[in-house]
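The values are calculated or read from the model by the stated rules, or taken from the named source; none is laboratory data. It should be emphasised that the depicted structure is a prediction, and the values quoted were computed from it without experimental measurement. Cβ: placed from backbone, ideal geometry, glycine included. Neighbour counts: every protein chain shown. Keep in mind that these areas ignore ligands, DNA and RNA; they rest on the heavy atoms of the full protein, side chains included. Shrake-Rupley method; radii C 1.70, N 1.55, O 1.52, S 1.80 Å.
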Amino acid sequence: MRNTARWAATLGLTAAAVCAPLSGAALAAPGTAPSALYAPSALVLTVGHGESAPTVTPERAVTLTCAPGSSGTHPAAGAACAELAGVGGDPAALTMREGTFCTKEYAPVLVTVDGVWRGQRVSYERVFPNECVMNAHGPSVFAF
């Protein structure tokens, strides 16, 4: 009888020692775990005048977060996220809007997009011949 009582007490104390921290942590920090899992989508976009990224000084830069919701310093975050979602997060897939007419003026504009789209690394760099052509390719994405 003595061994049974000792065994039960040992088992009870062991269970309490193992389970108490686990249940205490769950009770102490409700809501710290995300309610839904999602792959992150956060980008940094820059624009500068010139032809080469190493020599161009960014004139404007914004952040764009698209998951779990659209936010960041981008002035049209919701529309930009929708535009990027339409091309699977690939800025290179943004095409020039039909019916847009731009001059043939050559004033190169360098655009960079770096970050993560739905968990995949994004690194994009493109030189547009002028701002009109740039805006025609991403009317919301590059409008900052």
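Summary of computed values
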item	result
Restricting segment 118-128 to residues that are open to solvent by 30 Å² or more (accessible area, probe 1.4 Å), in contact (Cβ under 8 Å) with a residue 12 or more places away in the chain and part of a strand (DSSP E or B), the residue that is farthest from LEU84 (Cα to Cα)	VAL127
Output for segment 129-144, where each listed residue is of a type outside the set (Gly, Ala, Ser), in a loop (DSSP other than H, G, I, E, B) and more than 12 Å from THR46 (Cβ to Cβ)	PRO129, ASN130, PRO139, VAL141
Residue match in segment 90-109 (condition: hydrophobic (A, V, I, L, M, F, W, C), touching a residue at least 24 places away in the same chain (Cβ under 8 Å) and within 19 Å of THR73 (Cβ to Cβ))	no
